[in-house]
Amino acid sequence: MTPIPLSLYVHIPWCVKKCPYCDFNSHQAKGEIPEAQYSDALINDLESELPQIWGRSIESIFIGGGTPSLYSAKAMDQLLSSLRERLTIRPNTEITMEANPGTFEQERFSAYRQAGINRLSIGIQSFNNKHLKALGRIHGANEAQKSTHIAKQAGFDNFNLDIMYGLPKQTIDQAIADLQQAIDANPTHISWYQLTIEENTLFHHSPPVTPNDEILWEMQQRGQKLLADAGYYQYEVSAYAKEGKQCRHNLNYWQFGDYLGIGAGAHGKISMPDGEIKRHTKYRHPEKYMGEGINGKARSSEKKLATEDLDFEFMLNAARLKEGFTKELFETRTLLSFSAVEEKLNTLIQKELIEYDNEKYKPTDKGWHFVNDIVNSFI
Amino acid sequence: MALANQNIRNFSIIAHIDHGKSTISDRFIQVCEGLTEREMDNQVLDSMDIERERGITIKAQSVSLDFKSKDGETYHLNFIDTPGHVDFSYEVSRSLSACEGALLVVDASQGVEAQSVANCYTAIDLDLEVVPVLNKIDLPAADVFRVSQEIEEIIGIDATDAIHVSGKTGIGIEDLLEQLVERIPPPQGDPEAPLKALIIDSWFDNYLGVVSLVRVIDGKIGKKSKVMPMSTKAEYQVDNVGIFTPKRVEKNELVAGEVGYVIAGIKDIEAAKVGDTFTTVKNPAEKPLDGFKEIQPRVFAGMFPVSADDYENLRDALDKLHLNDASLHYEPETSQALGFGFRLGFLGMLHMEIVQERLEREYDLDLITTAPSVVYEVETTKGETISIHNPAELPAVNYIEEIREPIIRGTIMVPQEYVGNVISLCIEKRGIQKEMKYLGNQVTLDYLLPLSEVVLDFFDRLKSVSRGYASFDYELDHFEPAPLVKVDILINGEPVDALSIIVHKDFSQSRGRVLVERMREVIQRQMFDVAIQAAIGGNIIARSNVKALRKNVTAKCYGGDVSRKRKLLEKQKAGKKRMKQVGNVEIPQEAFLAVLKRDEN
């Protein structure tokens, strides 16, 4: 049996300013970020988790936020060293850091690269000043453009651009122009996703006017064609990559792999040797997290995933993948027998939402647009 | 001839909803110390949750209380609580006929309402002594003079010595009891004559079997005696008799004039029907008491479990409800669209709502209920007459000689300023005015109305056009031929039998259009276009279209908080709970009731 891959997620919870659409665990930085104190908490948090993952190597690391690029290069370097001391991290392991265009300086990014970060994910969102403002971003179109140059100059040959569409008052042409500009920057990966109004965000309380379904549909059709023509292969609902440049870290989520989460509000999912799958969550608020994390007590909750929820959680992720999944993947990741889902999959095949090519179950072109309906049948 | 106990008083309270029947009865129990303070839960008599929530009594109940009068005598009062809604007029008449008198309780700030009038007439017909009572006199808006006049003018009973009370504060309650004892006559009846006991109500108790509430008119009914309901002549041995104080208290026998319960090893309430007469096997009465009727349901609707797996559960639930509700009729029905379910017959709309609510609440069933319809009589070209309980059963046009629809005679009472609105509504509903009386500020309107129009949305409309002031009561009058047609609804070209309606020809076009439009609003966008059409026979009279949903997919999902994603999806899924898959289209419950909630604009 192939072992279940294990990734590491590190959460840096601070931002210069909270964006009105963002529902991630981010907090406005007030003055200096307490880097040293936070890093200590991260390391103690990690150490308390080590017994859970004894002997397993780390397949990928993702440093997300918040805005991790608010961390100084030195602090980032120390943090990565501390991680290497405690974990088995092979050379060439994908180590991604999220960065926001408003925080780009050549020197610091070169230093990040030196520290061992080998992939960036840049939160561009749009190249249009009007839309950036509507999204509450701190950067403008110029900074957005500049950030991609800096990334390249700093030695990042593997980076992702986050672009959103369906922005308030956005026209189809504007959405396509944003995407074209992203493509022109020649990233290896583009995450192109529709603006979604999430609960617990400012937008949820006072929703902006966003384009109607027909416009969104047209944007999506044209955008997907544009990306495909430019050599970006769509491998997930919102993820497009040049050949061989899929995000290994995210792919591991979608293939229902394991991941350890450290940092404020981080989530983890670990398969235990006895066959149990556990989820854990860390304290969300940075102060609380640092207070508890320093004593290795950063977990706010831990729970065993109920057997009856496994199929749903697997599908929630795997049904998002263009390439779908094999029986083996399902069985090794959930430790359930495939018969648990076979009947439902067959119904979905009848409904032409899923197809089976004798190796993989994957969403059909139609199923691809109705992933929620696919997933819903496993609740 | 022996005489029944002359210190007994059997009475009912006639009151409109919210006019204070329950508060007054609670006061009676308090004054007569039927329950200790600790046992007093407000409104003791309305024991079902739904009754309490809606403030309506569904089942008849009774309380026996001992009242020590100022004249030194102790009187034995039997208060028989009657169901308080137009759907249950037969039950009301049976409850009333168990009494010698009734208190007409009128809210002194509101005045007389149609339902009280109807019940009051029933009481007068049954020769009851009606004692008018003005309640809520503590309210600043109380207008004793006006309301007394209304009672005299509308009901025609002397209201000069109406008793003024406040159930809330307790003012006048003792005086009311004294007056009750004085003015309501004692029971007649002969304790030595052969047994005649009127069944006021029957219900099923899990431990005791069927419990019947009875009024002994003549004779006695005691433990171990053998009795039979006179309509069936089936013999039962009496296990137990007694009274409610309101706690159940066993006695050796119930004697002429008394009200109490009888338990006789009966397993099915059909065997102890409301209005039937118990007599003894050994020395039976010659004739049963007057007024017994087999009650027929008037409103029918299909009920289908959302999940086919629940069919058996629905059957069990109906069996159980039927244990306590003989007026509920049901038989299996198969719909092409909705699968296996039941056709249920109800006394009226309220009865239907109550049953639906109980099935969902107490038995946790997800049901699709079709729009209610009435019974049509169809005379076929072959000369047969058939009853149609379900629009889908209507024969093809070429087999129909004549369709007859049920017509009711409705009484509406409304303040003058709304008369115009009410008349317009009645005309719109194909009503024919029979009588109009101005009495004080109140106007009484008598209309013949097709029951199908009343079932539709008449109550709601009447309330809204009269700002809630109109009250309404009705009884079935006759069947009448009418030019009726069946309108079918087609979803993606397939007729959905459960959506068919029978309507007057003149309304068929407009109703078809409205219905299609309503369907378009309630049917959610699906993965494909949904075409909705209304048709009479082969003619399409209206059409509309629900455009396909483009996509349903969450943009972002990166490990993280699965529980929140799950909750969102669960919400989405819960929204589909009350949907029924017809062909490959998901149709929500509202669609089946869309015919009821027509938008008049």
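The values are calculated or read from the model by the stated rules, or taken from the named source; none is laboratory data. As the structure is a prediction and not an experimental result, all values here were calculated from the model. Please note: Cβ atoms are built from the backbone with ideal geometry, for glycine as well, and neighbour counts cover all protein chains shown. What goes into the accessible areas is simple: the full protein's heavy atoms, side chains included, and nothing from ligands, DNA or RNA. Shrake-Rupley method; radii C 1.70, N 1.55, O 1.52, S 1.80 Å.
For the residue pairs B:320/B:463; B:68/B:251; A:282/B:565, the C-alpha atoms sit more than 23 angstrom apart in B:320/B:463. Listed values for the stretch B:383-388 are Karplus-derived 3J(HN,Hα) couplings in whole Hz (6.51 cos²θ - 1.76 cosθ + 1.60, θ = phi - 60°), namely x, 7, 10, 10, 9, 9, and x replaces Gly and Pro.
If R0 is 45 Å, the Cβ-Cβ spacing of residue A:90 and residue A:352 corresponds to a FRET efficiency of close to 0.60. In this structure the stretch A:1-132 gives 41 Å² per residue of accessible area when probed at 1.4 Å with all protein chains present.
Maximal additional length on extending the residue B:169-residue B:397 stretch stands at 75.8 nm, based on 0.36 nm per residue less the C-alpha distance. In the stretch A:1-121, Cα pairs under 8 Å separated by at least six residues give a relative contact order of 30 percent. How far apart, in nanometres, would the label points at residue A:82 and residue B:507 be if each is projected 7 angstrom from Cα along the Cα-to-Cβ direction? Taking the two extended label points, one gets 7.6 nm.
Rolling a 1.4 angstrom probe over the protein heavy atoms with all chains in place gives chain B an accessible area of 43 Å² per residue. Rounded to the nearest 20, the size of the Cβ-charge dipole of the protein assembly as shown about its Cα centre is 4320 debye, with Lys and Arg at +1 and Asp and Glu at -1. Sites listed here are trypsin sites (Lys or Arg not before Pro) in the stretch A:48-120 whose DSSP assignment is loop and whose Cβ has at most 10 other Cβ atoms within 10 Å, and the list is empty. Under a model in which nothing but the beta-carbon of Lys, Arg (+1) and Asp, Glu (-1) is charged, chain B shows a dipole of about 2640 debye around its Cα centre. Look at where the Cα atoms of the stretch A:302-344 and of the stretch B:67-128 average out, and the two centres are 66 Å apart. Report the relative contact order of the stretch A:6-252, percent, no decimals, based on alpha-carbon pairs under 8 angstrom and at least 6 residues apart. Normalised by residue count, the contact order of the stretch A:6-252 is 18 percent. A Förster radius of 25 Å, combined with the Cβ-Cβ distance separating residue A:295 from residue A:54, puts the computed FRET efficiency at roughly 0.75.
Backbone amide hydrogens, once placed in the peptide plane, bring residue A:136 within less than 5 Å of nothing, excluding anything fewer than 5 places away on its chain. When you filter the trypsin sites (Lys or Arg not before Pro) in the stretch B:250-335 for DSSP loop state and at most 14 other Cβ atoms inside 10 Å of their Cβ, you are left with B:267, B:282, B:293. Surface composition of the stretch B:299-370: carbon plus sulfur atoms hold 45% of the accessible area, using a 1.4 angstrom probe and ignoring ligands, DNA and RNA.
Taking 7 Å steps out from each Cα toward its Cβ at residue B:308 and residue A:177 produces label points 5.6 nm apart.
Just counting partner chain Cβ atoms within 10 Å, what average do the residues of peptide B:563-572 show around their Cβ? Write down the numbers at each step before the final one.
Working: counts 7, 4, 6, 6, 1, 3, 8, 3, 0, 5.
For this peptide, the per-residue mean of nearby foreign Cβ atoms is 4.
For chain B, the calculated P(r), taken from all Cα-Cα distances in 10 Å bins from zero up to the bin holding the longest distance, is 3, 15, 23, 23, 18, 11, 5, 1, 0, 0 percent.
Restricting the stretch A:1-76 to chymotrypsin sites (Phe, Trp or Tyr not before Pro) that sit in a DSSP loop and have at most 12 other Cβ atoms within 10 Å of their own Cβ leaves A:54.
The phi torsions of the stretch A:350-366, fed into the Karplus equation with coefficients 6.51, -1.76 and 1.60 and a -60° offset, translate into couplings of 4, 7, 6, 9, 10, 10, 10, 10, 6, 9, 10, 9, 9, x, 6, 4, 6 Hz, rounded to whole numbers, with Gly and Pro shown as x. By the rule of a C-alpha distance below 12 Å, with chain neighbours fewer than 8 residues away ignored, the aspartates and glutamates paired with residue B:293 are B:91, B:276. Annotation for residue B:382 and residue B:231: the two label points, set 7 Å from Cα along the Cα-Cβ direction, are 3.2 nm apart.
Between residue A:218 and residue A:133, what FRET efficiency comes out of the Förster formula 1/(1 + (r/R0)^6) with R0 = 30 Å and r the beta carbon distance, rounded to 0.05?
Values: r = 24 Å, r/R0 = 0.80.
According to the calculation, E is roughly 0.80.
For a straight C-alpha distance cut-off of 20 angstrom, the lysines reachable from residue B:580 (same-chain residues fewer than eight places away being disregarded) are A:344, A:351, B:547, B:571, B:597. Volume of the convex hull of the protein assembly as shown (Cα atoms only), normalised per residue: 230 Å³.
When both the stretch B:480-512 and the stretch B:266-336 are represented by their alpha-carbon centers, they are found 31 Å apart. With a 1.4 Å probe, what is the total accessible area buried between chains B and A, in Å² rounded to the nearest 100? When B and A are taken together, about 3300 Å² of accessible area is lost. Give me a single rounded figure for A:368-377: the average over its residues of other chain Cβ atoms within 10 Å of their Cβ. For peptide A:368-377, the averaged partner shielding equals 6. In summary, the lysines within cross-link reach of residue A:133, defined as a Cα separation below 23 angstrom excluding same-chain residues under 8 places away, comprise A:17, A:18, A:30, A:146, A:169, B:556.
Rounded to the nearest 20 debye, the dipole size of the stretch B:377-482 about its Cα centre is 480 debye, using +1 on the Cβ of Lys and Arg and -1 on the Cβ of Asp and Glu.
Other protein chain C-beta atoms within 10 Å of residue C-beta, averaged over A:135-146: 0.
Accessible surface of the stretch B:226-266, 1.4 Å probe: 45 percent of it comes from carbon and sulfur atoms. Dividing the summed -39500 (n - 2.57) terms of all DSSP H runs of n ≥ 4 by the residue count of chain B sets its mean residue ellipticity at 222 nm at -7000 deg cm²/dmol.
Defining a contact as two alpha carbons under 8 Å apart and six or more residues distant in sequence, what relative contact order in percent does chain B show?
Relative contact order for chain B comes out at 10 percent.
Annotation: amide H-H contacts under 5 Å for residue B:193 (H modelled 1.01 Å from N, sequence separation of 5 or more, or interchain): B:219.
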